[in-house]
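Student: The structure's right below; bear with me while I get my questions together.
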């Protein structure tokens, strides 16, 4: 495996290039708005299109929270209702300007979504779903019974519109313009730092935290953005139909929104728009069957079931999967750039100082009063038999486990009480014994997330081009530069390990923790791994490695610490430690 190789050359961009690149989209959107504004449409068609555009904006919110971040939200109709009632009550009872009401409703929805997220997102799975359902039911009951505020079951009528958009035709053009603009933003969200963080959290929360992502804040942001889009869609819905009532924002509507997202493809706004259009148009296509009781619903349900059965990622998900397979075949352009590591050096000769480290699980002392000192620029091995506490120690060092006792100092900074993402910001990089990559992303996207770690100098520069260059150099450094555009699922087990190492290196860490990197590798892959470790060490990066391959440990590590039953039994220069009787008895065995 060569230190140099081929990689994608970073695109040369100027300040105007994004505008030029996306100009066809804006031209098409402008033409669509102009057509809707000028061509006379039947009132029935206007209502169908009005419902489709406003619903699609709300479903875009589910694209963010469910498709990108992987969090269940069964209360989107509530946020839709917040926006609708803010416009309805604001323009009728309070006589306020439409735009002010739309903004106020969107902010209310945003705050409600953030609050719901902050109070519930430490739950997960069906518990999170139950909480959002309960929230939906509570708000629906309030809309029905708070007659003095919401007008109760009678709803709010004669809702106002903005002065320039009084006609249904012009207001529909406004909704189409909003749909195009919001769809554009949501379409490009996955390529932003926040979008990549959401995708990482969806694929693997544990790896996301170790890569420097604040998982909790990312989830809350996704919930808040989802609620904001729901509020905007609801506000436009109220202006479009000039009437709102509680039954329009019930739990059943939240299920409809969710079905729209899943049917078209929850991971993309294009899928959300397709799903919304189909679920609104299909019932109209089947109107002639409504005279036969039950037949209309049976065909409607069968249509949805067939799509979900044969296209589990939705209609657009199926199309995108085909396109991704084609893109993966595109080869990268050659270059000779290689990664340059520049680990920090502010904490003296010792990079990691661990004293009295302990972790107790009830009466079990997995790690008991362990001291470790890792010198700067060295390769330090932590070895021991299975169950000796090695991985538990690494989990405490990286913040995945809270210590029972002890102190951890990284490059002069006490990180004992820091969460995982803050330790990554402080200069800690890590790989896992069981590979933890973001499966829906390409190799390059995985490594870009590593390059985006807070505290990395490239973040201050603030350009995606520099991050991409750094990620490509890291992939080239491990020998995979020519396969940057391929999904990680297409790589062999050994190459996936290299991608995980590249992701850690891209963040320019001060200390690299490797948890059994040789596990599962064949003999040739182990030779390549040994060469890679030599190149990393040659650039001055400090490595703390756990591995059972004693040949690799003996040749790569200068210093070894040995654990047995959670306690340190030996520590010192490699050859002398491996010759100690206690180490031979506990780890290597005796004749």
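Every number in this text was worked out from the coordinates using simple rules, so none of it is lab data. Here the structure is a predicted model, which means the values were calculated and not measured. Neighbour counts are summed over all protein chains in view; Cβ atoms, including those assigned to glycine, are modelled from backbone coordinates with ideal geometry.
Student: On full extension of the chain, what length is gained from residue 134 through residue 206, given 0.36 nm per residue of separation minus the C-alpha to C-alpha distance? The partial results should precede the final answer.
Tutor: Values: separation 72, 0.36 × 72 = 25.92 nm, distance 2.83 nm.
Taking 0.36 nm per residue and subtracting the Cα distance, the gain is 23.1 nm.
Student: I would also like to ask the following. Based on the Cβ-Cβ distance of residue 350 and residue 548, what FRET efficiency does E = 1/(1 + (r/R0)^6) give at R0 = 25 Å, to the nearest 0.05?
Tutor: Numbers: r = 26 Å, r/R0 = 1.06.
Using R0 = 25 Å, I get an efficiency of 0.40.
Student: Remind me, relative contact order of segment 27-151 in percent, using alpha carbon pairs under 8 angstrom and six or more residues apart? Let's see the in-between values first.
Tutor: Working: 67 pairs, mean separation 28.6, N = 125.
Normalised by residue count, the contact order of segment 27-151 is 23 percent.
Student: What are the semi-axes of the equivalent ellipsoid of segment 23-251, taken as the square roots of 5 times the eigenvalues of the Cα gyration tensor, listed largest first and rounded to whole Å?
Tutor: Numbers: eigenvalues 186, 110, 32 Å².
Equivalent ellipsoid semi-axes, largest first: 31, 23, 13 Å.
Student: Within 10 Å of each residue's Cβ, count the other Cβ atoms and sort 305, 159, 280 from fewest upward.
Tutor: Details: 305 10, 159 25, 280 18.
Sorted ascending by nearby Cβ count, the order is 305, 280, 159.
Student: To make sure I understand, if each residue's beta carbon is the centre and we count other beta carbons within 10 Å, what order do 574, 490 fall in, fewest to most?
Tutor: Details: 574 19, 490 13.
In order of increasing Cβ crowding within 10 Å: 490, 574.
Student: Turning to a different aspect of this structure: Express the relative contact order of segment 23-251 as a whole percentage, based on alpha carbon pairs under 8 Å and six or more residues apart in sequence.
Tutor: On the way: 375 pairs, mean separation 100.6, N = 229.
RCO, segment 23-251: 44 percent.
Student: Now a separate question. Starting from 0.36 nm per residue, how many nanometres of slack lie between residue 164 and residue 41 once their C-alpha separation is accounted for? The partial results should precede the final answer.
Tutor: On the way: separation 123, 0.36 × 123 = 44.28 nm, distance 1.86 nm.
Length gained, residue 164 through residue 41: 42.4 nm.
Student: Helix 464-477 versus the longest principal axis of the chain: what angle, 0 to 90°, nearest 10, using Cα atoms?
Tutor: Tilt relative to the chain: about 40 degrees.
Student: Provide the FRET efficiency to the nearest 0.05 for the residue 565-residue 322 pair, computing r from the beta carbons and using R0 = 56 Å. Each step should come with its number before you reach the end.
Tutor: On the way: r = 54 Å, r/R0 = 0.96.
Rounded to the nearest 0.05, the efficiency is 0.55.
Student: Evaluate the distance, in nm, between pseudo-label points positioned 7 Å from the Cα of residue 145 and of residue 34 along their respective Cα→Cβ axes.
Tutor: So the two model labels end up 5.4 nm from each other.
Student: Roughly how tilted is helix 314-327, in degrees to the nearest 10 and between 0 and 90, from the longest Cα axis of the chain?
Tutor: Approximately 50 degrees, to the nearest ten.
Student: Please give the calculated 222 nm ellipticity per residue for the chain, where each DSSP H segment of at least 4 residues contributes -39500 (n - 2.57) and the sum is spread over every residue; nearest 500 deg cm²/dmol? Intermediate values should be presented prior to the final figure.
Tutor: On the way: 24 runs with 316 residues, N = 591.
Result for the chain, helices only: -17000 deg cm²/dmol.
Student: In whole Å, largest first, what are the principal axis extents of the Cα atoms in segment 172-276?
Tutor: 49, 28, 23
Student: Quick one: work out the % antiparallel among DSSP beta bridges in the chain, nearest 5.
Tutor: Values: 25 of 40 bridges.
If I count the DSSP bridges inside the chain, around 60 percent turn out antiparallel.
Student: Ok, one more. Just want the ordering: 214, 42, from fewest to most Cβ atoms lying within 10 Å of their own Cβ.
Tutor: On the way: 214 19, 42 8.
With the fewest neighbours first, 214, 42 line up as 42, 214.
Student: What is the spin-label model distance, in nm, from residue 405 to residue 534 if the labels are put 7 Å beyond Cα along the C-beta direction?
Tutor: Rounded to a tenth, the inter-label distance reads 4.4 nm.
Student: Still on this model: Can you tell me the relative contact order of the chain? Whole percent, Cα pairs under 8 Å, sequence separation 6 or more.
Tutor: Working: 1165 pairs, mean separation 112.1, N = 591.
The normalised contact order for the chain reaches 19 percent.
Student: Could you give the nm distance between label points at residue 417 and residue 519, where each point is 7 Å from its Cα heading toward the beta carbon?
Tutor: 3.2 nm
Student: Separate question: Two-decimal Rg/Rh of the chain from alpha-carbon positions, Kirkwood Rh? Don't jump to the answer; show the numbers that get you there.
Tutor: Details: Rg = 28.2 Å, Rh = 26.7 Å.
In the chain, Rg relative to Rh is 1.06.
Student: So what's the gap between the Cα centers of segment 222-265 and segment 49-119, to the nearest angstrom?
Tutor: Using only Cα atoms, the two centres lie 7 Å from each other.
Student: For residue 527 and residue 122, what is the calculated FRET efficiency with R₀ set at 30 Å and r taken between the beta-carbons, to the nearest 0.05?
Tutor: 0.10
Student: Stretch residue 465-residue 111 to full length: gain in nm at 0.36 nm per residue minus the Cα-Cα span?
Tutor: On the way: separation 354, 0.36 × 354 = 127.44 nm, distance 3.36 nm.
Contour length minus the Cα-Cα distance gives 124.1 nm.
Student: Please check which bits of segment 535-578 a label hung off residue 585 would reach, taking the label as a point 7 Å along Cα-to-C-beta and the cut-off as backbone N under 18 Å.
Tutor: The answer is 562-571, 577-578, whose backbone nitrogens lie closer than 18 Å to the label point.
Student: In addition: Helix 23-38: angle to the longest alpha-carbon principal axis of the chain, degrees 0 to 90, nearest 10?
Tutor: On a 0 to 90 degree scale, this one is about 20.
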